[in-house]
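Report on one structure; see the data block that follows.
Here, each number is a calculation from the coordinates, and none is a lab measurement. Not measured: the values here are computed from a predicted model. All Cβ positions, glycine included, derive from the backbone under ideal geometry; neighbour counts span all protein chains shown.
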Amino acid sequence: MRLSDQRGQALIESLLLGMLLLVPLIWALGVLADLHRGALATSAAAREAGFEAATASSDALAAAAVDAAVARALLDGGIDPEQARASWAAIPRLERGAAVEVEVSYPVTVLQAPFLGRVAGPSIWVTSRHVARVDPYRSL
Amino acid sequence: MLVIGLSLVVFAITGLAVDGTRAFLFRRSLQNSADAAALAAAAELDEAAYYSSGGEVAVLDETAARRSAAEWLQSRGLPLKAEVATAPDRVEVVVRGAVSTTFLGLAGITEIPVAARADASPIAGGP
């Protein structure tokens, strides 16, 4: 038997506890989705940039190819390329058989407001690295 | 009771999302590594066969191809096991790894096995 002044109490408790569980969960899933998107986009960007740089005939052309490939891949992933950082290096230098290493990083904002997007706060940097080989028989 | 049940469901869904995402991303890393290793290995030509045919026949130096793929995978520093199979006209790289789970460990699933495969062939000619 339930007292009359307890009527509806369970509903309120369920709502409060539900909110307490669901709000952080939805926020965490939103951040996770962004992290996933960032990781996919940066890995695609690093991979494409690596292949492009490995087929370039000079450092200047390789740098331009890396920038273009990174921007294209990040835009495909719905990410603003301006926020990302990309670096590349040919080891020992851009020549037949060399290794071309590309690293792409993107900051995922932890605090985001619904419908407003980014809010000032900490970011988690997602980084991807790819190593491609310059064809040892290519013409230069 | 309802709240406890709901919490368990929410926890399970979060666990699947987190651990599943990590496994998916690790598989992508493995695929990128396998692709790059296969391409590097396919560039190891048998030069004697190539030059004696006047540049018409491109076949692999299989020993060099296996070594090249192994070195390439090692340079990535990923925790993986690799199998490299070669034939004169083809190299196949299979990489396997495992992702340690965080949430799914509570359900007895401590790691998720992940694998990726890539193959490449040498071709004569080109730019």
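Its relative contact order, with pairs defined as Cα atoms under 8 Å and 6+ residues apart, puts chain A at 24 percent.
Using 19 Å as the cut-off for backbone N distance, which residues of segment B:62-87 belong to the label zone defined by a point 7 Å from the Cα of B:ALA124 along Cα→Cβ? Residues B:62, B:87 qualify, since their backbone N sits under 19 Å from the label point. The convex hull built on the alpha-carbon positions of segment B:1-126 has an orientation-averaged projected area of 9.1 nm². Each residue of segment B:94-108 was assigned a 3J(HN,Hα) from its phi angle through the Karplus expression (A = 6.51, B = -1.76, C = 1.60, θ = phi - 60°), giving 10, 10, 10, x, 8, 9, 6, 8, 9, 7, 5, x, 5, 9, x Hz with x at Gly and Pro. Spacing of the modelled spin labels on B:ASP89 and A:TRP125, each 7 Å from Cα toward Cβ, amounts to 4.8 nm.
Remark on B:ASP46: its backbone amide H falls under 5 Å from those of B:VAL59, B:LEU60, B:ASP61, a criterion applied only to residues 5 or more positions apart or on other chains, H modelled at 1.01 Å from N. A cut-off of 5 Å between modelled amide H atoms, ignoring neighbours fewer than 5 places along the same chain, links A:ASP135 with A:GLY97.
For segment B:25-51, the residues whose backbone nitrogen is under 15 Å from a point 7 Å from the Cα of A:ILE91, taken along Cα to Cβ, are B:37.
Kirkwood's formula applied to the C-alpha pairs of chain A gives a hydrodynamic radius of 17.8 angstrom.
Each Lys or Arg adds one and each Asp or Glu takes one away; over the other residues whose Cβ falls under 10 Å from the Cβ of B:GLU92, this sums to 0. Using a 10 angstrom cutoff on alpha carbons, build the Gaussian network for chain B and name the most mobile of B:ALA87, B:ALA43, B:ALA116. Per the Cα network of chain B with a 10 Å cutoff, B:ALA87 tops the list. Once the Cβ-Cβ distance of B:VAL9 and A:TRP27 is raised to the sixth power relative to R0 = 22 Å, the FRET efficiency obtained is 0.80. Contact order for chain B, expressed relative to its length and based on alpha carbon pairs under 8 Å spaced 6+ residues apart, stands at 30 percent.
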